[in-house]
Amino acid sequence: MKLGLGLYRHMLTPENFAFARQAGCTHVIAHLVDYFNQGTSNPRHNQPTGGRDQPWGRAGNPEALWAIDELKALRARVEDAGLILAGIENLDPAHWHDILLDGPKRPQHIENVKTILRNMGEAGIPVLGYNFSLAGVSGRVSGPFGRGGAVTVGMDGPVDAPLPNGVVWNMIYDPDAPPGTLPSITREELWSRFTRFLEDVLPVAEQAGVRMAAHPDDPPLPVVRQQPRLVYQPSMYQRLIDIAPSANNALELCVGTMAEMTDGGVYEAVDLYSSQGKIAYIHLRNVTGKVPHYRETFIDEGDVDMVRILSILHRNGFDGVVIPDHTPQMSCPAPWHAGMAHTLGFIAAVKAVLAAQAAVRYSA
Ligand SMILES: [Mn+2]
């Protein structure tokens, strides 16, 4: 397994690439969606939080798909820093909102995703992380809930306010949408939209050599903001896998989100999906509690035994990238970086112990 760092769009800088190298990373996952664009309740110095029912910010330019030159230039900048660009995380709602909503621009948006996949293949970027969700990451609260009063995020009960028109995936794709709210859809309708999406774009992902990696629903409730969720229990990932048995239909397995699921079984799930070779990369994060009442914690507290998680991945020969998902903000001039450095150091230490144990076994 490889150690990586996920960087938001505004953080794709030489200084942050150097920070990643210094912390022992070999890989980077890049976010190209600017989640913070004009978001009034969404400060840039933290993970995107938004308000309890406030979106993160404005989606990007619907005409500006990520071009081959742009992707190649990003890859070159990452490689100049001695790192490997392991993947792009998330599609911009501006480029695919009518796939999620089954709206009139769906055919054009399918072409958008195909173009992005082809461009990524051309640029040699092997993974596209995505999250097929209408409400997206919404309904979270933040505060000094962490160890030592560290500012972190969590959930305080379900969030039922419907999505306003013009908002999907917790971002505003149409600021001029007429007043009103998005009607609820059924769970089967959601699965139908997802299945059609995969049928349409997966052949292109295969040709392009790009693995599509699905994040589970965060927070993993059956319904958020009156819209059903796709993957809100560990077993539901299997349905997503079985819909399209292709190596390019893979998972962005988020350990923190899985730990928030009410059915439990996070270790069994990590074992099951890593033994099937379906995990493209891992989001590692710890939590206490389960939906709809949980808190994100530091990596070395919380409900999940991270040594056990990493041991399972090691035993199953997981060869992909592990990145810290989010961490609490540490009290210092660089709260985000300090949190990440702490988590990366923890993961690196566990990796070193696992490697040392394996060496002892082989030599015995
Ligand atoms: Mn995650």
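The values are calculated or read from the model by the stated rules, or taken from the named source; none is laboratory data. No experiment lies behind these values; they were computed from the predicted model shown. Please note: Cβ atoms are built from the backbone with ideal geometry, for glycine as well, and neighbour counts cover all protein chains shown.
Quick notes on this structure:
- Test: residue in the stretch 114-133 that is closer than 26 Å to Gly51 by Cα, part of a strand (DSSP E or B) and modelled with pLDDT under 95: no
- Out of Ser184, Ser192, sole residue that is assigned to a loop (DSSP other than H, G, I, E, B), out of contact with any Cys (no Cβ under 8 Å at 6 or more places or on another chain) and of a type in the set (Ser, Thr, Tyr): Ser184
- Checked against (1) more than 20 Å from Ile99 (Cα to Cα); (2) assigned to a helix (DSSP H, G or I), Ala161 meets all criteria but (2).
- Elements of type helices (runs of 4 or more DSSP H) contained in the stretch 255-364, each with 3 or more residues being at pLDDT below 95: 335-363
- Residue within the stretch 234-247 that is part of a loop (DSSP other than H, G, I, E, B), surrounded by fewer than 23 Cβ atoms within 10 Å (Cβ to Cβ) and at positive phi present: no
- Applying the set (1) surrounded by 15 or more Cβ atoms within 10 Å (Cβ to Cβ); (2) in a loop (DSSP other than H, G, I, E, B); (3) charged (D, E, K, R) to Glu252 leaves exactly one unmet item: (2).
- Tally, over the stretch 127-157, of residues that are surrounded by 21 or more Cβ atoms within 10 Å (Cβ to Cβ), within 17 Å of the chain's Cα centre (by Cα) and not β-branched (Val, Ile, Thr): 12
- When the stretch 1-27 is filtered for residues that are outside any helix (DSSP H, G or I) and within 19 Å of Arg44 (Cα to Cα), the ones remaining, listed by number, are Leu5, Gly6, Leu7, Tyr8, Leu12, Thr13.
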